[in-house]
Amino acid sequence: MKTRTATSLRLLVIAGAATFPFFQPVSLRAQTLTNGSFESNGGQQSTTVTGWTLATNVSGTLFATSTEGATNGSYAIAFDANNQATGTETLSQSFATVTGQTYQVKLDFGALSTPAGQAFLSRLQVELRDGSSISSGNELITSGSGTLLGNTGGSLNQNTTVIQMSDSSGANATNSAAPNAEFSNVAFTFTAQSTSSTIVFTDLSTGGSDSQDAVLDNVSVTPVPEPATWASGALLLAGAGLTLRRRLRR
């Protein structure tokens, strides 16, 4: 009987570990953005990227690219590709959120420079806005939450309710011919205030006629499980184990 009980309990633990994600609310299980790696697009230098809105005042400056480096798949987004549109280019996507839920955002920010060594002039800003507009609603980013998870030359120039990233390694950067753009992994959190939020990227690069393209890839937004969610799942699993133990003792 003891052997049978122990075996059954081990099987219950294994099954519980495999199915534990299903104890979570639906809102905590899935990636919320569409096409965060930009792989679904109209081809090289296309301004049609599934799920995203690309806006610029100068044509030929903001597009999907497979020649400037990527961290997830073959494509990324290049900003200020002809060095004329700084501050006028935005990339945005609105997505469904749960009011009061905290989310983590991760992204890979890259810099490609010609001539090499001037990638520090590449700068990109990211905001999270409440609602489905890039210009209305409160700023949602948790002030000070920005971190560099993998630093290959990047720095955070602003880490408040708005995140600004740039390259800081100068001549030491890997800024030779494409696709050798260097990337740094950036993460931060925000808390939704309604059922819709909007992520907005704006190019803030400087450098005049030199080519310092800001490159973006691998953007994800995922819910952060609350401690109570994990505790509820653990209690459910423990309760099932106790019930099984009692039945096997009969």
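Results, tabulated for the structure shown:
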quantity	calculated
Close pairs from the range 153-164: first among the hydroxyl-bearing types (S, T, Y), partner surrounded by fewer than 16 Cβ atoms within 10 Å (Cβ to Cβ) and part of a strand (DSSP E or B), Cβ under 7 Å, at least 6 apart	T161/E139
So T174, is it modelled with pLDDT under 60, β-branched (V, I, T), assigned to a loop (DSSP other than H, G, I, E, B) and over 15 Å from the mean Cα position of the chain (by Cα)	yes
Strands (runs of 3 or more DSSP E) completely within the range 7-87 that count 2 or more residues being modelled with pLDDT under 95 and either touching a Lys or Arg at 6+ places or on another chain (Cβ under 7 Å) or crowded, with 16+ Cβ neighbours inside 10 Å (or both)	63-65, 76-79
Filter result for the condition that a residue is in a loop (DSSP other than H, G, I, E, B), small (G, A, S), modelled with pLDDT of 75 or more and surrounded by 22 or more Cβ atoms within 10 Å (Cβ to Cβ), over S184, S197, S145, S205	S205
Scope the range 93-114; condition buried (at least 24 other Cβ atoms within 10 Å of the Cβ) and of a type in the set (D, E, K, R); matching residues	D108
Extreme residue, nearest to S132 (Cα to Cα), among residues of the range 88-118 that are hydroxyl-bearing (S, T, Y) and modelled with pLDDT under 90	T88
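The values are calculated or read from the model by the stated rules, or taken from the named source; none is laboratory data. As the structure is a prediction and not an experimental result, all values here were calculated from the model. Every residue, glycine as well, gets a Cβ built from its backbone with ideal geometry; the counts of neighbours run over all protein chains shown.
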